[in-house]
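Notes follow once the structure below has been shown.
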Amino acid sequence: MEQQLNAYYQFIKQRLITLTKTPNNRQIQMVIKLHLAQIIAFQHERLIHLLVTLFFAGLLLVFILCSFLWAIWQFLALDIILIGLLACYIKHYFCLENTNQKLYPITAQLFDLLASTLSIQKDN
């Protein structure tokens with residue numbers, strides 16, 4: 001998912017540069033539709049990973065509590081495994097979050113570009 005996000009980010013940046021050089025109202029509208037659809041998909045992915053991360057954090061807390069109540073080495077082993085999984089999920093979630101945050105200014109730039117092409121067409 002991280003590769004897909006980074007590939008899309010590079011693609012949309014290049015597309016924005018191209019559209020800025022040769023603005024075309026129809027192409028800008030198509031890119032905006034694509035961009036908004038991608039953002040919705042990435043936000044959905046981010047939400048799912050947040051829920052999974054919170055689930056594993058809750059599960060970890062339950063097993064830590066069990067480790068304190070019953071001093072069994074199996075609970076300690078589960079604690080260690082869940083800490084590793086939770087660390088991976090947190091890393092992945094923050095990557096999703098940060099990359100998603102980089103897409104929002106591009107959305108504003110696309111809408112600004114669309115507004116400028118509409119005002120140019122209105123003036124002509």
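The values are calculated or read from the model by the stated rules, or taken from the named source; none is laboratory data. Here the structure is a predicted model, which means the values were calculated and not measured. So basically every Cβ, Gly included, is an ideal-geometry build from the backbone, and we count neighbours across all protein chains shown.
Quick check on my filter: what residues within region 1-27 are touching a Ser or Thr at 6+ places or on another chain (Cβ under 7 Å) and at pLDDT 90 or above?
Within region 1-27, just Y9 meets the criteria.
When you go through (1) over 15 Å from T107 (Cα atoms); (2) in contact (Cβ under 8 Å) with a residue 12 or more places away in the chain; (3) polar (S, T, N, Q) one by one for T20, which number turns out not to apply?
The failed condition is (1).
From the residues in region 39-48 that are free of Cβ contacts under 8 Å to residues at least 60 places away in the same chain and within 10 Å of the chain's Cα centre (by Cα), which one is surrounded by the most Cβ atoms within 10 Å (Cβ to Cβ)? Even if it seems obvious, please write down each step before you answer.
Just the residues of region 39-48 that are free of Cβ contacts under 8 Å to residues at least 60 places away in the same chain, to begin with: 40-41, 43-48.
In the following step, the residues that additionally are within 10 Å of the chain's Cα centre (by Cα) were identified as 40-41, 43-47.
Numbers: I40: 10, A41: 12, Q43: 13, H44: 10, E45: 16, R46: 19, L47: 11.
Ranking the candidates gives R46 first.
Would you pick out the residues in region 6-36 that are of a type in the set (K, R) and surrounded by fewer than 12 Cβ atoms within 10 Å (Cβ to Cβ)?
Scanning region 6-36 gives K21, R26, K33.
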